[in-house]
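Below is one structure, written out as structure tokens; comments come after it.
Just so it is clear, none of the values below were taken in a lab; they were calculated from the coordinates. Here the structure is a predicted model, which means the values were calculated and not measured. All Cβ positions, even for glycine, are placed from backbone atoms using ideal geometry, and neighbour counts span all protein chains on display.
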Amino acid sequence: MEISKNQTAILQDFAPHLRKFSTRSGIWVGFLLAVIVVGMYALYLQIVKGHIVTGMRDNVVWGLYIVNFIFFIGISYGGAILAGLLHLFKVPWRRPIMRIAGLTAVVSAMIGPIFIILCIGRFDRLHYLFIHARLQSPIVWDVVAISTYFVGAVLFVYLFLIKDFAIYRDSEAVLGLPAWRQKLYRFLALNYKDTASQRRQLAMSRNLMALIMIPMVVVVSSVLSWIFGMTLRPGWHSTIFGPYFVLAAIYSGTGVIVLVMWTFRKIYHLQDYLTDKHFKYMGFILLALGSGYGYFTFSEYLTGWFGSERWDSEVLDKLFDPSEYGWWFLVSNIFTIVIPILVMAFKKLRTPNLITLAAMLMVFGMWVKRYLIVVPTLETPLLPVQDTRPEYIHYSATWVEWALTFAGFATFLLFFTLVAKLVTIVTVSDYNEEHQ
Amino acid sequence: MALSKIIKLSWLLLLLGALGLLPNTLIAQDEEGEEEVEQVRSRASLSCVQKNDGVLDLKALIRAKIDDRYTGLPGLEVEFFTTTDTSETSLGKATTDEKGIATFTTNAKEMPRDTGNRMAFYASFEGNEEYSGSDADITLKPASFALEALEEDSSYSIQLTLMSGDEPVAEEDVSLFVKRLFFPLKVGEGSTDEDGMATIDFPTDLPGDAEGNLNIFARLEDSDDYGTVEASVTKAWGIPVSDRLEDQPRALWSPNPPLWMLLTFLVLMVTVWGHYIVIVYKLFQVKKEGQPSGG
Amino acid sequence: MSESSKTDRRNFLKKGAIGVTLAAAACGNLLCSCSSGEGGATAADTGDTVKLLTPDGQLVEVEKQHLKHVHVTEKVTQEQARQGIPGKKFVMVIDLARCNNARKCISACQKMHHLPDDKEWVTIKLMKDSPEEAPYWFPKTCFHCDNPPCVKVCPVNATYKRNDGLVLIDSDRCIGCKFCMTACPYSTRTFNWVESEAAPQDMATHHPGPEASIPARPGTVEKCDFCPDMVRMGKLPDCVSACPNGVFYFGDENEDVVTNGEETLRFSQLIKDRAGYRYMEDLGTKPRVYYLPPRDRLFPVKRGYDALPDEVKERYKDVL
């Protein structure tokens, strides 16, 4: 296809990243692999010895694994819906962000389900979820939702890659890639030659996909919350859990996109593509989502506290008590609500670095928040625990769970590192007119 | 290794033991200087249930004090005898069940009586290495119930007559039971008059089987003269309760999902996957159009 | 393994080998001795012995750890185990006025289902509903709810509700997602955390399957099952018959009769006379277990506490 001067210039910027594997990235990948290997060893122990090696016991039957599961799936949903909205509303500054948002969605969606598998006692029977599925179970909803969503997310990202694959294919001279890479791009480019009809077909597909992606993400992240919402447990059995999770998912996803933007801008020197303006706009999105998230949080806990039903109170007492989860609850709310809003409230603070810092604290705070949703409720059964074994009363994650958690994060980073070697981190084909 | 030998040996013993090929004594002989388990004293008691048509159930309970509690001893052989002043006739043998009760069934009509129309029985457990022997006896007069089921308007009652031979048995407390899954339910009681008769009201609100049948029996419990006397009758006096296995309804807790849920699921799936199919189709079109031969 | 425990085992084997069940229990132990990790170590070398009977009437003295309890049960098909016993609707009534925390139900249940000492399907809580209210012992089985939150959430139909009212678990189907454990508001369910917590080998007369809740599969969920394999033979669940105070009444609601082994009563009458209630009725789970309020109690609460070993006392110290 025809490649503009502008696009060739961009490709030249990215060619080194696509072509060579620097020592620095070698060390980085090696480090990630090491973390993953430790995780694999932990997994081996868990398989051989059983779930006894985790901190989970009969009261707290879900722990870090479920926390990470919600965290990553939430990020994925956030990336997907943001990409869908940016495209559908033709947001003018979307060009360098679309690809990052899409990749975030796909990569996180690959990590999240790993954690649900780790949490399952018999993953040798995982296929029962399909052959013996009971439609009434929220877990079945989730299995269907996540697999359907994953196919959609891959398709969605691919639709925005086809033109780029065609450009890579036709820029042999600029990129100078090995033959197998050329072959791969040729295959993935689907004979795209940017004819009027091809362009129309692709544009229609993109619009259609973005259109279905948005309601789908709302449904699937609600389904995620319903694993908790459908039970009769204090702190979970809440009607706002659906929208609360939808918002939290988009919020944390947006935060991770900012972190990815900042990281690539730093490493690849993409100041010309990911400008201060992009960070500011993303910051405004964070501000809006953060306010909404703060509103939901306030509404959820105010209702529980004011009504002060017995079991609601027991969970809330633990969340408010500094000797239990009080400090973490405070930290989570300051990081996720106060700091992002403060940073965006003052013009002077709206710098890429500070916005990224706020996003980082927010993403961490959101992880803590998921922990505070899962664990304190499970530590508060309706009947008194009356057990003398400390591990049955209080959950504390073991090194096995932490090792697998870090392995999950390392896998996320590894996938992102590798995928950035395969495709440009900005959508080259969108830069066909003069670079703004 | 010693341990592996023990494992092999014990497997063998287990196998033989399970097949019943290895007598107890053989294993006992194998003991080399192991201390003997002390013989425990057993205790026997004998009771008797008289049923319709002279059927007699002799029940011998063999117990021993184990860990300070009297426990029935299962698997022991008990011999039953009928005795008179001059003779002792063996009736047969029975083995105790898991509660330690050996039941032997015979018929009162064939039993010898003394001058007072009394029968005498005797049960004996010989003893084995573990338990000492024990025995017990019982003397009783034959007795039987005649049951008549009375239905008046909407109320039910059972009229029972307790007779010992031709003699009515007066002033005995009798009870009415209904057979239930685990233990019988007592539904009424009364006392026999000088004619040996008692009329006991029967409840009208008891659930029965699928046809409403109830197995009703009258019982004189453990009397000094007659032992336990029982007689039963089956009447359709109960409220019928279906014993059909119902199909699981469409519910959240059943294997069958509610219809609206199935419908919602299908609509969502068709919508989303429909979009995917359309898009994949379009991508094939893109690919086809770009084929070198075609373009 | 120490030398002494080896000889003990051999003695025991010789004396009791004919008793298939006991010998098999020991073999199970021998077979598992390679993998007896944290779980087995606690009870192993205590040297406590008890006298007990083999099914054919021999008295043997064995170490407590070998003590396994076996019932001869009928074999049922997978389909029967899922449908339930025709025409029955099982129900339990627990008389709070009679419980003095003797804990015989717990140990009987542990024997019946080959549970380790630290796993209790039946539990006894010490309840005190508000500061001024009197504390009372609260035995808790599975409630076998008619609207069971655990069954609702099971993704693979591993836990199911039968026609006869029982909620059972098929441990060959369970994937161990533990969703049912979070869904049960009564903390009824337990999980097999240890991989080596393998099936007991002494099942010569026990038919594995959901009705017996054996064998225990690692990585799956299990719970109180109301002993349907016993009930099928017209025998009471072991917790019911083990209770020295007749706390548990069990029966068929269709027959309107419950029994604690001593007395057999009409279920509807008992509930009416003694103001029976279901625990946490407001949750809408419709339990099949009813409680009789602790009025005119047979024992002072303290008696059930004072008799306890220290480590069990520890559980209740916050309440008393």
Total formal charge among the other residues, if their Cβ is under 11 angstrom from that of B:Leu252, Lys/Arg +1 and Asp/Glu -1: +4
Give me the inter-chain shielding for C:157-165: mean count of other chain Cβ atoms within 10 Å, whole number please. 4
Gyration tensor verdict on the stretch C:78-292 (Cα atoms; rounded if a/c is under 1.5, prolate if a/b is larger than b/c, oblate otherwise): rounded
Averaged over all viewing directions, the convex hull of the alpha carbons in the stretch B:183-295 casts a projected area in nm² of 14.9
Report the residues of the stretch B:102-122 in range of a label on B:Asp225: point 7 Å along Cα→C-beta, backbone N strictly under 20 Å from it. B:108-109, B:111-121
With +1 at each Lys and Arg Cβ and -1 at each Asp and Glu Cβ, the charge dipole magnitude of the protein assembly as shown around its Cα centre, to the nearest 20 debye, comes out at 9140
Percent relative contact order of the stretch A:1-150, based on C-alpha pairs within less than 8 angstrom and at least six residues apart? 20
Calculate how steeply helix A:196-229 sits against the longest principal axis of the alpha-carbon atoms of chain A, using the helix alpha-carbon long axis, and give the answer as 0 to 90 degrees to the nearest 10. 10
Considering Cα pairs under 8 angstrom that are at least six residues apart, work out the relative contact order of the stretch B:200-295 and quote it in whole percent. 21
Cα axis of helix B:259-289 to longest principal axis of chain B: angle in degrees, 0 to 90, nearest 10? 30
Which one of A:Thr398, B:Gln39, C:Cys150 has its Cα pushed farthest toward the positive end of the charge dipole of the protein assembly as shown, where Lys and Arg give +1 and Asp and Glu give -1 at the Cβ? A:Thr398
Alpha carbon Rg of the stretch B:90-215, scaled by the compact-globule rule 2.2 N^0.38 Å: 1.40
Per-residue mean of other chain beta-carbon atoms within 10 angstrom of the beta-carbon, peptide B:241-248? 5
Helix A:5-19 against the longest principal axis of chain A: what's the angle in degrees, Cα atoms only, rounded to the nearest 10? 60
Of A:Ala80, A:Ser147, A:Leu129, which is farthest on the positive side of the dipole of the stretch A:56-163, counting Cα position, with +1 on Lys and Arg Cβ, -1 on Asp and Glu Cβ, and the Cα centre as origin? A:Ala80
On the first, second and third principal axes, largest extent first, how far apart are the outermost C-alpha atoms of chain B in Å? 123, 81, 33
Over all pairs of distinct alpha carbons, what does the Kirkwood formula give as the hydrodynamic radius of chain A, in Å? 23.1
Greater than 30 Å separation of Cα atoms is the criterion. Which listed pairs, B:Lys99/B:Lys179; B:Lys141/C:Lys235; A:Lys49/C:Lys75; B:Lys179/C:Lys286, meet it? B:Lys141/C:Lys235; A:Lys49/C:Lys75
Dividing the convex hull volume of the alpha carbon atoms of the protein assembly as shown by its residue count, what do you get in Å³ per residue? 222
Could you compute the net charge surrounding C:Lys88? Neighbours are other residues with a C-beta less than 10 Å from the C-beta of C:Lys88; K and R count +1, D and E count -1. -2
Non-local residues with an amide H under 5 Å from the amide H of B:Arg180, with H modelled 1.01 Å from N and Pro and chain starts lacking one, are B:Leu185
Rh by Kirkwood over Cα pairs, then Stokes-Einstein D for the stretch A:319-378 at 0.692 mPa s and 37 °C, µm²/s: 272
Quick one: of C:Lys140/C:Lys178; A:Lys193/A:Lys277; A:Lys369/C:Lys125; A:Lys183/A:Lys280; A:Lys318/C:Lys178; A:Lys20/A:Lys90, which pairs are farther than 28 Å apart, Cα to Cα? A:Lys193/A:Lys277; A:Lys369/C:Lys125; A:Lys183/A:Lys280; A:Lys20/A:Lys90
Calculate, axis by axis, the spread of Cα positions in the stretch A:190-280 along the three principal axes, and write the results as whole Å, longest axis first. 56, 37, 21
Calculated from DSSP helices alone, with each H run of at least 4 adding -39500 (n - 2.57) and the total divided by the residues of chain A, [θ]222 nm to the nearest 500 comes to -24500 deg cm²/dmol
Coarse-grained scattering of the stretch A:215-370 at q = 0.11, 0.13, 0.14 Å⁻¹, given as base-10 log I(q)/I(0) from a Debye sum over alpha-carbon atoms: -0.48, -0.65, -0.73
Can you give the charge dipole size of the stretch A:257-384 about its Cα centre, rounded to the nearest 20 debye, using +1 on the beta carbon of Lys and Arg and -1 on the beta carbon of Asp and Glu? 880
In peptide B:174-186, what is the residue-averaged number of other protein chain Cβ atoms found within 10 Å of each Cβ? 6
The stretch B:42-140 - charge dipole about Cα centre, Lys and Arg +1 at Cβ, Asp and Glu -1, debye rounded to 20: 380
Give me the net charge for the shell around A:Leu32: Cβ to Cβ below 15 angstrom, other residues only, Lys and Arg +1, Asp and Glu -1. +2
Once fully extended, how much extra length lies between A:Phe123 and A:Arg19, figured as 0.36 nm per residue of separation less the alpha-carbon to alpha-carbon distance? 33.5 nm
How many nm is it between the label spots at B:Gln291 and B:Gln248, if each spot is 7 Å from the Cα in line with the beta carbon? 5.0
Would you mind giving the three semi-axes, in whole Å and largest first, of the ellipsoid equivalent to the stretch A:234-291 according to its Cα gyration tensor? 31, 12, 6
